[in-house]
Amino acid sequence: MNFKIATLPGDGIGPEIVDQAIKVLNAIGQRCGHQFTFEFGLVGAAAIDAAGDPFPNETLKLCMDSDAVLFGAIGDPKYDNDPKAKVRPEQGLLAMRKQLGLYANIRPVSVFEALLDKSPLKRELISGVDFVVVRELTGGIYFGEPRGRSEDGEKAFDTCTYSKYEIKRILELAFDYARKRNKKLTVVDKANVLATSRLWRETAQEMEPNHSDITVDYMFVDNAAMQLIQWPKKFDVMVTENMFGDILSDEASVIAGSLGLMPSASVGVHTSVYEPVHGSYPQAAGKNIANPMATILSAAMLLEISLDLTNEAEIIRRAVDYCFEKGVLTEELKKEQPASTSEVGDFIADTIREKKRTRLNEKSRPFKSWLS
Ligand code: IPM
Ligand code: MG
């Protein structure tokens, strides 16, 4: 089959990590007889520099005309250190999510056996962790109006808003994920303080009778932040609003051992976007040291969710497991003789092409979609 992938490397380490995902997808194409066409678009600081707009119209059009979007990272210290900047790279990412209607961000949290000792958390606490954070992505305080500064500049304000419609559609999706997995849903909110959270909780409670096969529990976000680290195995699907999901998913990366291992899928109305959870890591840009695994695993999610190529996604995940077992790791995971970004990409692509340890009949671990 032929597939068109809108490819948006963005800023910082974005281009180098996206290059590795492209290598890996091409290796899958060779092995399984698919053709991927990568068409590049501008986003973020790169797009501001080239076109004065962090999410130009041509990029939106490219995304709309593609089967899936592969995204790198966004952000540049030049803007981080200038709070008065009129346009910011992050606006490009937010505009992309909003304009494509990507209201759900799926962030799986799982551990790799070979990396259990890389997490600062105890092995017995994290071995077998496997849950999914479903983060609402186009509402809440990220988008609410009014926002800004008072005239005298002495006050600033953001607004958190959610409509019942927005809450219902993300909860519906989270219930569906829970149904495909272990039928347990944790709704994370701050209903003891926030009106929006109370609407989330009330809506979830109203929906419960229609989803009686799912066990639902409710947790305040501060408590969830603690339980996530103390008892990560108790979670199956966690659903939460935009900002809580942003924070909790970075926190959850400590379980896996590195933020560089965390993939995500943003899905909704139009073309889905596959984006690593981490940012643009400007200190590492151009040095060939960043971990490309989050992007490679995001590419596996792309195959599974947008292209329905479940076996191909599993081949990537098995190649990733093999890479970890062989100790081919970037520097944040390995001090002595770490692998470079491109070495990791080459290793995974070669493993796939040479069919090492990735034959699906070998059952190196039971075949299981991440998401079910
Ligand atoms: C993420 C990032 C983004 C967000 C930033 C870069 C705008 O942190 O995808 O988690 O806050 O959503
Ligand atoms: Mg984040």
Considering the range 113-148 alone, what residues qualify as being among the acidic types (Asp, Glu), assigned by TED's automatic domain parsing to the domain that holds residue 224 and touching a residue at least 12 places away in the same chain (Cβ under 8 Å)? 130, 136, 145
Residue 284 fails exactly one of (1) over 11 Å from the mean Cα position of the chain (by Cα); (2) more than 15 Å from ligand 2 (Cβ to nearest atom); (3) closer than 29 Å to residue 64 by Cβ, namely (3)
For residue 71, indicate whether it is more than 11 Å from ligand 1 (Cβ to nearest atom), of a type in the set (Phe, Trp, Tyr) and under 21 Å from residue 18 (Cβ atoms). no
Can you name the residue in the range 122-159 that is in a loop (DSSP other than H, G, I, E, B) and touching a Gly at 6+ places or on another chain (Cβ under 9 Å) and, of all such residues, is nearest to ligand 1 (Cβ to nearest atom)? 137
Among (1) away from ligand 1 (no atom under 16 Å from the Cβ); (2) more than 24 Å from residue 291 (Cα to Cα); (3) over 22 Å from the mean Cα position of the chain (by Cα), which single condition is residue 87 missing? (1)
Between 74, 126, which is of a type outside the set (Lys, Arg) and touching a strand residue (DSSP E or B) at 6+ places or on another chain (Cβ under 7 Å)? 74
Criterion (acidic (Asp, Glu), closer than 21 Å to residue 104 by Cα and in the same structural domain as residue 131 (by TED's automatic domain parsing)) met by exactly one of 217, 222, 213: 217
Output for the range 37-72, where each listed residue is among the charged types (D, E, K, R) and farther than 22 Å from residue 27 by Cα: 49, 53, 58, 61, 65
How many residues, within the range 252-269, are over 17 Å from residue 330 (Cβ atoms), more than 10 Å from ligand 2 (Cβ to nearest atom) and not β-branched (Val, Ile, Thr)? 4
Taking the range 207-229 as the search range and keeping residues that are over 15 Å from residue 190 (Cα atoms) and touching a residue at least 24 places away in the same chain (Cβ under 8 Å), which one is surrounded by the fewest Cβ atoms within 10 Å (Cβ to Cβ)? 213
Tell me the helices (runs of 4 or more DSSP H) entirely within the range 7-102 that contain at least 1 residues that are among the aliphatic types (A, V, I, L, M) and at pLDDT 95 or above. 14-32, 45-51, 57-64, 89-99
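So that you can scan it fast, the table gives a plain yes or no per residue for (1) more than 30 Å from residue 98 (Cα to Cα); (2) outside any loop (DSSP other than H, G, I, E, B):
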{"residue": "296", "(1), (2)": "no, yes"}
{"residue": "299", "(1), (2)": "no, yes"}
{"residue": "320", "(1), (2)": "yes, yes"}
{"residue": "333", "(1), (2)": "yes, no"}
{"residue": "347", "(1), (2)": "yes, yes"}
{"residue": "355", "(1), (2)": "yes, no"}
Among the residues of the range 200-223, is there at least one that is within 16 Å of ligand 1 (Cβ to nearest atom) and either aliphatic (A, V, I, L, M) or over 21 Å from the mean Cα position of the chain (by Cα) (or both)? yes
Which of the following residues is among the hydrophobic types (A, V, I, L, M, F, W, C), crowded, with 24+ Cβ neighbours inside 10 Å, out of contact with any Leu (no Cβ under 9 Å at 6 or more places or on another chain) and touching a residue at least 12 places away in the same chain (Cβ under 8 Å): 45, 27? 45
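The values are calculated or read from the model by the stated rules, or taken from the named source; none is laboratory data. Because the structure is a prediction, the values reported are computed rather than measured. Every residue, glycine among them, receives a Cβ derived from its backbone with ideal geometry; neighbour counts consider all protein chains shown.
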